[in-house]
1. Being open to solvent by 50 Å² or more (accessible area, probe 1.4 Å) and closer than 30 Å to Glu92 by Cα is the filter here; which residues of the range 33-53 pass it?
2. Does at least one position in the range 65-75 carry a residue that is open to solvent by less than 80 Å² (accessible area, probe 1.4 Å), modelled with pLDDT of 85 or more, under 28 Å from Gln96 (Cβ atoms) and among the small types (Gly, Ala, Ser)?
3. Can you name every residue in the range 13-32 that is crowded, with 16+ Cβ neighbours inside 10 Å and either touching a Cys at 6+ places or on another chain (Cβ under 7 Å) or part of a helix (DSSP H, G or I) (or both)?
4. If you take the residues in the range 33-46 that are assigned to a strand (DSSP E or B) and under 12 Å from the mean Cα position of the chain (by Cα), which one is nearest to Ser12 (Cα to Cα)?
5. Kindly indicate whether Thr57 is open to solvent by 20 Å² or more (accessible area, probe 1.4 Å), part of a strand (DSSP E or B) and polar (S, T, N, Q).
Amino acid sequence: MRVIIDRNLCNSSLPFCQRCSAAFFRFPEGTDRMCIMDIIDDGKDTLTLEMKTDGRTLEVELTDEELEVASIEGWEALADFDPALFRSGANERWAQIRHLPAAH
């Protein structure tokens, strides 16, 4: 399974984002979040995370150990950079998305 997350679509602070993502990693097929752009069945037994945040893209194919860590600590434990603590601008981005055609 491949999960595409765009953190730029949510204004939550990093600590809340960590808790939210940890809950998602525990139950990836039973949770929906504003930041989840797509969940794709890629035929793999592993979970691949594609996270867009702070002008970067983090892409990780999670091992069982990394998935366990992410389900406790959240996605930041997998990042090789320090993400922004606070976010803003999500309302403006959602307003722009609202005007896109449904086929987009």
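1. Pass one, the range 33-53, residues open to solvent by 50 Å² or more (accessible area, probe 1.4 Å): 33-34, 37-45, 52.
Residues satisfying the conditions are Arg33, Met34, Met37, Asp38, Ile39, Ile40, Lys52.
2. yes
3. Here is the first cut: in the range 13-32, the ones crowded, with 16+ Cβ neighbours inside 10 Å are 14, 17-18, 20-22, 24-25, 28.
Residues satisfying the conditions are Leu14, Cys17, Gln18, Cys20, Ser21, Ala22, Phe24, Phe25.
4. Step one: list which residues in the range 33-46 are assigned to a strand (DSSP E or B), which gives 36-40.
After this cut, where a residue has to be under 12 Å from the mean Cα position of the chain (by Cα) as well, the list is 36-39.
Details: Ile36: 14, Met37: 16, Asp38: 19, Ile39: 21 Å.
The selected residue is Ile36.
5. Details: open to solvent by 20 Å² or more (accessible area, probe 1.4 Å): yes; part of a strand (DSSP E or B): yes; polar (S, T, N, Q): yes.
When the stated conditions are applied, Thr57 passes them.
The values are calculated or read from the model by the stated rules, or taken from the named source; none is laboratory data. These numbers were taken from a predicted model, which means no experiment stands behind them. Every residue, glycine among them, receives a Cβ derived from its backbone with ideal geometry; neighbour counts consider all protein chains shown. Side chains included, ligands, DNA and RNA excluded: accessible areas come from the protein's heavy atoms. Shrake-Rupley method; radii C 1.70, N 1.55, O 1.52, S 1.80 Å.
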